[in-house]
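Worksheet for the structure shown next.
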Amino acid sequence: MVLPFYILINAEKGQGDYVAQEAEKIKGVKMAHHVTGSVDVILYAEADDFSDIRRVRGAVFDIQKVVRTETALHV
């Protein structure tokens, strides 16, 4: 069963494009878009299980210039 989820990312000022490009390299990430508003990047990914979600979240947070993340599971 595929678990779809989103990660909302706040990046350092002016670093949204960089963060989105780096995030798209992570296995399981289907798209990452630099956007305007209260977050800088909206990422969509699919995981096989909850440990896979944790792996993606950890990889996103390891990207330089990421300040904060919030994960939302599709229900």
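Readers should treat all values here as calculations from the given coordinates under stated rules, not as data from a laboratory. Fair warning: this is a prediction, and the values are worked out from it, not measured in the lab.
Details
- Cut-off under 5 Å, modelled amide H: who pairs with V67 long-range: N10, A11, E12
- Whichever aspartates and glutamates have a C-alpha closer than 13 Å to that of K30, once near sequence neighbours (fewer than 8 apart) are set aside: E22, E46
- C-alpha long axis of helix 50-61 to longest principal axis of the chain, angle in °: 10 degrees
- Computed over region 6-75, relative contact order equals 44 percent, with contacts defined as Cα pairs under 8 Å that lie 6+ residues apart.
- Compared with the alpha-carbon gap, the fully stretched path from S51 to E70 is longer by 5.2 nm at 0.36 nm per residue.
- J(HN,Hα) series, region 17-31, from Karplus relation 6.51 cos²θ - 1.76 cosθ + 1.60, nearest Hz, glycine and proline x: 4, 4, 5, 4, 5, 5, 5, 5, 7, 7, 4, x, 7, 8, 7
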